[in-house]
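The values are calculated or read from the model by the stated rules, or taken from the named source; none is laboratory data. Quick caveat, the model's predicted, so the values are computed rather than measured. Virtual Cβ from ideal backbone geometry, glycine too; neighbours counted across all protein chains shown.
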Amino acid sequence: MTRILQSDKLDNCVARWREAGLTVIGPVKNESSSSYAAVEKAAEFDFSLIMPDRSIKELFFPQTEPMLHYTIKKQRIDTSDFTPPPEKRIIFGARPCDASGLAIDDPLFGWDYKDNFWFQRRDTTVIVTIACTKADDFCMCTSLKLAPDSTKGSDVLLRPLQNNKGWQVEELTDRGRDAFNEIADLLQDGSGPAAPTAVVAEKFNLDACVAWLQNPENFESTFWREISMRCIGCASCTFLCPTCHCFDFQDEGDTYSGIRRKNWDSCSFALFTMHTSGHNPRATQSARWRQRIMHKFNYFPGKFNVNSCSGCGRCSRQCPVDMGITETLQAISTLPS
């Protein structure tokens, strides 16, 4: 028998989780934007969003974060490390594409060096996703061989009931089961039918795109200049992307002491690859757009056997000049490899 979480019990769930010491986070909307943020009551959630404007990524990989404090003395340099606060969290109502983004980036942050900042947050956060029952023209999860009810990266998947009064509960990991044991008495056995998941049409042939990108003869193709002419290099696409992970280190302070920070960066910026000599190996926007596409669908899968894209569509949805990954891959999939 499937367990059901009725929507009128959600406020009690939030209170129970908060009493257990968890910060409860979910999709919220303000006057100008939407994001995942901490809530105190269920009424603060906004489940009407197809997805928040900002992705789940910044909860695990903040836009800016102190790494260490340093003090320069006569004979030595003293340093002290910063560590993320030991906060236990539950993210309720994440979209499957956002949870998939975390799973895609896990091997990167645990590759040749284990990023404890990333994994401490991953290990102390429960991800509860809600299967999508609606989508827009920018959604493309199926093109990436995922789905509106993908379980990748999730600890618990909720399927909305057809009567819109709750969710079927699918516990996927021990971490998810532990979190829902806290509210076990608020769940009920039931067999109410789940609403159908959203229909997301495939936008491009991923295999054809990958084959074209892997052909070294296409690296200098005039296609890159033609497809990227509208790009203004604003990095909106990379900053909103659930999987983009480029960062830079900056020292803030004076001659004697300061803080070293990790800040988001982007391959869309001209300064990203600028050498001290003044030479820039990716001096044009077309070269930078090529790098973005090549990295996501050629270099990253070559290293980690997974594409660095979860199909959320934010890159196209939020682009100020109305372009994005979807348009590029649609064009590539029609080219001879």
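Mind listing whichever residues of segment 234-258 are among the aromatic types (Phe, Trp, Tyr) and either outside any loop (DSSP other than H, G, I, E, B) or buried (at least 18 other Cβ atoms within 10 Å of the Cβ) (or both)? Those that are among the aromatic types (Phe, Trp, Tyr) and either outside any loop (DSSP other than H, G, I, E, B) or buried (at least 18 other Cβ atoms within 10 Å of the Cβ) (or both): Phe239, Phe247, Phe249.
Of the candidates Ser266, Ser308, Ser286, the single residue that is free of Cβ contacts under 8 Å to residues at least 60 places away in the same chain and closer than 29 Å to Asp136 by Cα is Ser266.
When Leu108, Leu59 are checked against the criterion of being within 27 Å of Ser7 (Cα to Cα), in contact (Cβ under 8 Å) with a residue 60 or more places away in the chain, out of contact with any Leu (no Cβ under 6 Å at 6 or more places or on another chain) and not assigned by TED's automatic domain parsing to the domain that holds Ser257, a single residue qualifies: Leu59. Just one of Ala195, Ala94, Ala99, Ala184 is free of Cβ contacts under 8 Å to residues at least 40 places away in the same chain, not aromatic (Phe, Trp, Tyr) and not assigned by TED's automatic domain parsing to the domain that holds Val306; which is it? One residue alone meets the criteria, Ala184. Any residue at all in segment 148-156 that is out of contact with any Ser or Thr (no Cβ under 7 Å at 6 or more places or on another chain), in a loop (DSSP other than H, G, I, E, B) and buried (at least 19 other Cβ atoms within 10 Å of the Cβ)? So far as segment 148-156 goes, yes, one or more of its residues are out of contact with any Ser or Thr (no Cβ under 7 Å at 6 or more places or on another chain), in a loop (DSSP other than H, G, I, E, B) and buried (at least 19 other Cβ atoms within 10 Å of the Cβ).
For segment 220-258, the set of residues classified as of a type in the set (Ser, Thr, Tyr) and farther than 13 Å from Gln291 by Cβ consists of Ser221, Thr222, Ser236, Thr243, Thr255, Tyr256, Ser257, listed by residue number. Only one entry in Ser268, Ser316 is in a helix (DSSP H, G or I) and outside the structural domain of Ala94 (by TED's automatic domain parsing), namely Ser316.
Can you tell me which residue in segment 42-87 is surrounded by the fewest Cβ atoms within 10 Å (Cβ to Cβ), limited to those that are in a strand (DSSP E or B) and under 19 Å from the mean Cα position of the chain (by Cα)? So, considering only residues that are in a strand (DSSP E or B) and under 19 Å from the mean Cα position of the chain (by Cα), the one surrounded by the fewest Cβ atoms within 10 Å (Cβ to Cβ) is Thr64. Restricting attention to segment 30-41, the residues that are closer than 18 Å to Ser7 by Cβ and in a strand (DSSP E or B) total 0. Scoring Arg175 on the criteria (1) more than 23 Å from Ser308 (Cβ to Cβ); (2) without any contact (Cβ under 8 Å) to a residue 24 or more places away in the chain; (3) not in a strand (DSSP E or B) leaves a single failure, condition (2). Counting the residues of segment 273-310 that are of a type outside the set (Lys, Arg) and under 21 Å from the mean Cα position of the chain (by Cα) gives 18.
For segment 289-296, the criterion of being crowded, with 17+ Cβ neighbours inside 10 Å, at negative phi and at pLDDT below 95 is satisfied by no residue at all.
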